Amino acid sequence: MNEKYFPEEIEKKWQQAWRETRAFEVDMDDPRPKFYCLEMLPYPSGFLHMGHVRNYAVGDALAWFKRLQGFNVLHPIGWDSFGQPAEQAAIKRGVNPRDWTEQNIAHMRGQMQRLGISYDWSREIAAHRPDYYRWDQWFFLKMFERGLAYKRQSPVNWCPREETVLSNEQSSGGVCWRCGTPTTKKEITQWFVRITKYAEQLVADLAEIEAGWPEKVVKRQRDWVGRSEGAYVDFAVQDHDEKIRIFTTRVDTIFGATAIVVAAEHPILDTLPEGSALRDDVKQFAAKVKAERASRSDLTVEEEKTGLNTGLLAINPFNGETLPVWVANYVLMDYGAGAVMSVPAHDERDFEFATKYTLPIRQVIARITHEQAPTGADVVPGQDQSIDMREAFTDYGVLVNSGGWSGKLSQDALREMAEYAEKNGFGGGAVTYRLRDWGISRQRFWGAPVPIIHCGKCGEVPVPEKDLPVMLPDQAQFTGTGESPLAGVPEFVNTTCPKCGGEARRDTDTMDTFVDSSWYFFRYCDPRNESAPFDPKVIAKWIPVDQYIGGDSHAVMHLIYTRFWTKMMRDLGLISFSEPVKKLLTQGMVTNRIEGTDEWKAMSKSLGNGVDPDEMIAAYGADAARLFILFAAPVENELRWSESGIEGAVRFLRRVWTIVWQWRDRLLAAGNEAVVSDAADSATRALRRKTHQTIARMTADFEKLDLNTNVAALMELSNAVGDLTAKGTAAAADLSAVREAIEALVIMLTPMAPHTAEELWEALGHDGGLLQTAKWPTADADLARKDELEIPVQVNGKLRSKIMATPETTDEELRAAALADEKVRSFTEGHEIVKVIVIPQRLVNVVVR
RNA sequence: GCGGACGUGGCGAAAUCGGUAGACGCAGCAGACUUAAAAUCUGCUUUCCUUCGGGGAGUGUGGGUUCAAGUCCCGCCGUCCGCACCA
């Protein structure tokens, strides 16, 4: 035991103690209430970065807080260990991806342990190990059985640099999410998961979690699914059997339609007379549009609208009007019906298109003018038909020039016109979604093989469950051709058909790593189960996760997939709930200044502004690094790294250390008996007040995860205790009040600086560690209450004086005291006092004229 | 372009309900200790004026509501994020 603070010694000591006593291993049957604290599992790149440290520091603080409060806390960690970098390393440096991955895991596990994060290491899992990915394959088979996993030819996003298929999400913005290379399109047969079947639930169930999730994540998820209510309308085509179906959210504007516009891939285009000049033009045009789309690099600029009149004529079923059918680049085949009615007067895109090609623009919605009736009782909608048609008018309004529908409000017309279409058999109300099915095929080696066998006779045959896992071979040739490396491993590919016993080939695709991360936190609850992904009984108790913490970069991909997966598992009968995560916290980025500039960017190797966690631990200790991270900014904010900030954290820990050692001998000598004297003096009362105020504040702030203010509260308490000796009031304060303050200080320090707290707790005479001997303190409201109040007094809303009061002072007394106050009187003198506002125990405002 | 969030000292920030703006920390300044420095401790630290009692201004900006606005409402400016022709 040393009176000087040596973090490296005590951190080693307690990390070893925790390991030896298996302090953080969870008994799932423990009768205490459970708390599942989860951080997003990392990809084992080889090294922790500060973003990881922040994530784990926050999670660990909450885990400790809940443990000290008496919860049975599950706090696990694992590895998202399939994926590109391992394969890249194999290609570039010829290393074995498995060895590379395992070495990285070993190193990063060491880093986590040096940080002293309180994980239950007995539950560690890794996606690349067969005992995990066999269950990915098992789930795939279940989805395949139910038609939720299916194969189809499909244009996919293709990264020409990494030569791999990317999901829509991964090529969001038209660039590869990993390397930033602009993506292109490629036709290829792919496995898809029918997430669109759950589109409605993915939106509707947001209501269930909204309260516990950040607003912006909920919003992004809602936008991602893109639910949109509208109507289908079928337009007959003149001299044609086919009809063109359009989707619109503004069927109320249908009398303003002056054209029908279809996508370049629309099947109606194939019905144009073979060999006609027009057909050739349209074909050429469609090919050009497709080519442009595939090669687009700058998606920040909207492409200019181009189109071509197909010569076809469509008939508006509402008024019998004949409309030209155009094909244009701004209509997308894979949304809605692949065709739209063009209403230039009331849609910006149609307006732009019509202006360019001089199509008629016809106003059919008028702005409502609210005219106050003379009695003032009713608001009468009038019409303003003088809308300036230099731009589209897209608001709701009153229908005009719309036959029998004129005079109706948009809101009513939307509903009634959809009903009318349905009744007359040419359409009806409909809901569409932007969400697309999830392409999970990857032409990669380092992933879970798709458990399907292709048989010449039987077709696609699922691997029987008893044959799982389909083992990934040890090694493969990385040709970089874009074809899965598994195709070049004959021992893997060649097999027999489980159905007919004949020669057959295995599917050589592997699964998207987002499959692995969609259900990993279920596996933590039952990590060694060999007969099922998990025991449903265990899951029923432990999931939903109480608090999930991670970066908001996963706001749509991972967090949509895991919500989908949960609903899918529910429909398999494995679980009985629909949402996996009760509360979500998205942490901000950790940034650092780029040398020689004033720019703050996320830490990264390539920018040279990274900070190595190991160096921080060596220089300042894990506790100081963690404390600084929690204190420096609110968890959701960007955190700007600061070397002097971390020094401040060390100073604080040293001060707490000094305080404990200053009082230790006296406290130990006094023993455990209470020595509160009856006539508690004011110093004692003040100290106890501060102690209990701090307890109340910190307990509340922890629930909100306001960790920065929490550290501030702790600093205030430590300053208050420090002042006892510094200001010579030590003798005045009762020893048991000091004990109370110091013990609260040490216990409440634990979530942010656990090693230091353990050491100090032991120094205070508690053997056996915090978990055995400490409880999160409870605030006593009476003790926390102030017995003297300083009441600000305002005159006309300006602070002029302060008067002293007690909680018992009545409003009338406050009022009298305020008016009698000398300073106040100097401002009220010669003025008429209009009124006096008294906010009980808070403030007095004298209003004068 | 559309949608959303935000705007508080030199810096990170705090401010349950509309009720003392700037807690806590960083940086800075002054002092104590020291041969000296570091470390540590103490004090100061929004800004302007001051006869040193105080007084004025102040939460991007202009209005409004209110006894009272960082907080609520409207306009503008700025920053950041999301989306990328989704009909």
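The values are calculated or read from the model by the stated rules, or taken from the named source; none is laboratory data. Here the structure is a predicted model, which means the values were calculated and not measured. Methodologically, a virtual Cβ is constructed for each residue, glycine included, from the backbone with ideal geometry; neighbour enumeration extends over all protein chains shown. SASA here: full protein model, heavy atoms, side chains in, ligands and nucleic acids out. Shrake-Rupley method; radii C 1.70, N 1.55, O 1.52, S 1.80 Å.
Things worth noting here:
- Summed over the residues of the range A:94-252 and divided among them, the accessible surface reaches 42 Å² per residue at a probe radius of 1.4 Å.
- Selection from A:Pro214, A:Trp438, A:Val834 lying farthest towards where the dipole of chain A points positive, charges on Cβ: A:Trp438
- Over chain A, Cα pairs under 8 Å with separation of 6+ residues give a relative contact order of 14 percent.
- Prolate/oblate/rounded call for chain A, Cα gyration tensor, a/c under 1.5 rounded: oblate
- Cleavage-rule hits (trypsin sites (Lys or Arg not before Pro)) in the range A:62-153: DSSP loop, at most 16 neighbouring Cβ within 10 angstrom: A:Arg146
- Between the residues A:Ile125, A:Thr773, A:Met603, the greatest Cα displacement towards the positive end of the dipole of chain A, with unit charges on the Cβ of Lys, Arg, Asp and Glu, is found for A:Ile125.
- Rounded to the nearest Hz, the phi-derived 3J(HN,Hα) couplings of the range A:120-136 under the Karplus curve 6.51 cos²θ - 1.76 cosθ + 1.60 (θ = phi - 60°) are 8, 5, 6, 10, 4, 10, 9, 5, 7, 8, x, 6, 9, 6, 4, 7, 4, where x marks glycine and proline.
- Unit charges on C-beta of K, R, D, E only; dipole of the range A:706-798, Debye: 280 debye
- Phi to ³J(HN,Hα) by Karplus 6.51 cos²θ - 1.76 cosθ + 1.60 over the range A:510-515, Hz, x for Gly, Pro: 10, 8, 3, 5, 5, 5
- For the range A:602-692, GluC sites (Glu not before Pro) are listed when DSSP marks them as loop and at most 15 other Cβ atoms sit within 10 Å of their Cβ; the list is A:Glu636, A:Glu638, A:Glu673.
- Taking the longest Cα principal axis of chain A as reference, the axis of helix A:811-820 is set at about 70 degrees.
- In terms of the mean number of neighbouring beta-carbon atoms within 10 Å, the peptides A:753-759, A:766-772 order highest first as A:753-759, A:766-772.
- Interchain or long-range residues, amide H under 5 Å from A:Lys151's placed H: A:Phe192
- Applying the Karplus relation 6.51 cos²θ - 1.76 cosθ + 1.60 with θ = phi - 60° to the range A:637-652 yields 3J(HN,Hα) values of 7, 4, 10, 8, 5, 8, 5, 6, x, 5, 5, x, 5, 4, 4, 4 Hz, where x marks Gly and Pro.
- Average accessible surface for the range A:420-491: 46 Å² per residue, computed with a 1.4 Å probe over protein heavy atoms with every protein chain in place.
- Dipole magnitude for the range A:1-113: computed about the Cα centre from +1 point charges on Lys and Arg Cβ and -1 point charges on Asp and Glu Cβ, it is near 160 debye.
- Cut-off 12 Å between beta-carbons: net charge of the residues surrounding A:Ile575, Lys and Arg +1, Asp and Glu -1: +1
- Among the trypsin sites (Lys or Arg not before Pro) in the range A:430-507, those placed in a DSSP loop whose Cβ has at most 13 other Cβ atoms within 10 Å are A:Lys457.
- Chain A, accessible surface, carbon-and-sulfur percent (1.4 angstrom probe): 49 percent
- Mean separation of Cα contacts under 8 Å (6+ apart) over length of the range A:796-849, as relative contact order %: 40 percent
- Distant-in-sequence amide contacts of A:Trp79, defined by a placed amide H-H separation under 5 Å and a gap of 5 or more residues or a different chain, comprise A:Ile125, A:Ala126, A:Ala127.
- Selection from A:Tyr524, A:Gly488, A:Ser553, by position along the positive dipole direction of the range A:447-588 (Cβ): A:Tyr524
- The range A:616-718: C-alpha gyration tensor shape, a/c 1.5 cut-off, then a/b vs b/c: oblate
- For A:Leu585, nonlocal amide neighbours, meaning residues 5 or more places apart or on other chains whose placed amide H falls under 5 Å from its own, are A:Tyr548, A:Ile549, A:Gly550.
- Taken about its Cα centre, chain A carries a charge dipole of roughly 520 debye when the Cβ of each Lys and Arg holds +1 and the Cβ of each Asp and Glu holds -1.
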